[in-house]
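*Asks:* Mind having a look at this structure? Questions to follow.
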Amino acid sequence: MTKHTFRTLLLMLLSLTVFTACDSDDDEDTTLTNTDLITAETWKGDEIRVPALDALNISYKDRLPDPKTMTIKFDRNGTYEAQYTLNGQSTKTTGDWEFTDNERKLSGNFFNFPSSEADIDELSATQLHLSTMITAPNIPIPVKAEVRLVR
């Protein structure tokens with residue numbers, strides 16, 4: 001009986017070792033931060049939307065950059081490099097950026113927009129949607145402009 005008890009005890013210890021050694025859970029947190037997402041690669045312009053002006057059939061194309069020419073690279077050190085074309089003239093800019101309002105806003109003067117702060121409407125590995133208020137001709141109040149960038 002002692003031989004049988006010894007084997008049973010040995011089998012239980014081996015089973016316990018095998019089950020604890022085969023932990024398939026990763027102990028590392030692989031969640032990407034907003035800084036990881038925004039600085040991973042260069043963003044490219046996809047489109048600019050100004051719903052209020054579209055609804056009123058007011059042209060604004062000559063006041064905003066051509067979205068397909070826009071690129072921006074955010075660096076972890078808080079600087080950025082951007083390029084865009086406005087009225088046929090290519091422009092390169094550099095400056096500083098930072099998250100504000102609990103990482104729900106992005107601060108920096110990007111793409112010739114008058115506001116230095118934009119709401120982050122979407123931020124993922126492939127999409128960056130920003131919105132800010134702009135002034136428009138013949139409109140007495142600022143209107144919302146949306147800039148959509150992709151990777």
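*Asks:* Pairs needed: first member in the range 83-99, closer than 20 Å to D62 by Cβ and touching a residue at least 12 places away in the same chain (Cβ under 8 Å); second member anywhere, among the small types (G, A, S) and surrounded by 11 or more Cβ atoms within 10 Å (Cβ to Cβ); C-beta distance under 6 Å; at least 6 residues apart or different chains.
*Replies:* From the range 83-99, the pairs are T93/A82.
*Asks:* Quick one: count up the residues across the range 96-151 that are touching a helix residue (DSSP H, G or I) at 6+ places or on another chain (Cβ under 6 Å) and not in a loop (DSSP other than H, G, I, E, B).
*Replies:* The qualifying residues number 2.
*Asks:* Can you tell me which residue within the range 84-95, out of those that are touching an Asp or Glu at 6+ places or on another chain (Cβ under 8 Å) and part of a strand (DSSP E or B), is nearest to L130 (Cα to Cα)? Quick ask: steps written out before the conclusion?
*Replies:* Initial filter on the range 84-95 (touching an Asp or Glu at 6+ places or on another chain (Cβ under 8 Å)): 84-87, 92-94.
With the extra rule that they be part of a strand (DSSP E or B), the set shrinks to 84-86, 92-94.
Values: Y84: 16, T85: 18, L86: 19, K92: 20, T93: 18, T94: 18 Å.
Result: Y84.
*Asks:* Which of the residues belonging to the range 101-130 are of a type in the set (S, T, N, Q) and farther than 22 Å from V143 by Cβ? Steps first, please.
*Replies:* To start, the set of residues in the range 101-130 that are of a type in the set (S, T, N, Q) comprises 102, 107, 109, 112, 115-116, 124, 126-127.
Hits for the range 101-130 are N102, S124, T126, Q127.
*Asks:* Looking only at the range 88-136, how many residues end up being touching a Lys or Arg at 6+ places or on another chain (Cβ under 8 Å) and exposed (fewer than 14 other Cβ atoms within 10 Å of the Cβ)?
*Replies:* 2
The numbers here are math on the coordinates, done by the rules we state, and not lab data. On a predicted model such as this, the values are computed, not experimentally measured, just so you know. All Cβ positions, glycine included, derive from the backbone under ideal geometry; neighbour counts span all protein chains shown.
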